[in-house]
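**Q** If you scroll down you'll find the structure; I have some questions about it.
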């Protein structure tokens, strides 16, 4: 069998495998959080949320935290053993919102920061 036929068979099988893979991943609604920012936000999203002020809960929702916020690691304190402290800032340039989050093992406590 020539090299061209081998490559043709390989790419045919590979493309069928990719189609099945994407079909099953879409059914499971799996996410791939490889960046540190997305991993921290996904971890916060899974926990029970506690807001210090009632007004804070209106601007942030569990469904849009990964897409609309980013973690500022330079201002965060991740060296703590008990509850790590992260500073979240919104990606929206017109209405910047900052949150200080104490990320404990079972809960995440939100406090709105006015910088």
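The values are calculated or read from the model by the stated rules, or taken from the named source; none is laboratory data. Here the structure is a predicted model, which means the values were calculated and not measured. Don't worry about glycine lacking a Cβ; one is built from the backbone with ideal geometry, like all the others, and counts go over all protein chains shown.
**Q** Within the range 41-57, is even one residue in contact with a strand residue (DSSP E or B) (Cβ under 8 Å, 6 or more places away or on another chain), surrounded by 12 or more Cβ atoms within 10 Å (Cβ to Cβ), under 14 Å from residue 111 (Cα atoms) and at pLDDT below 80?
**A** There is at least one residue in the range 41-57 that is in contact with a strand residue (DSSP E or B) (Cβ under 8 Å, 6 or more places away or on another chain), surrounded by 12 or more Cβ atoms within 10 Å (Cβ to Cβ), under 14 Å from residue 111 (Cα atoms) and at pLDDT below 80.
**Q** Now a separate question. Among 78, 71, which is the only one that is at pLDDT below 90 and touching a helix residue (DSSP H, G or I) at 6+ places or on another chain (Cβ under 9 Å)?
**A** 78
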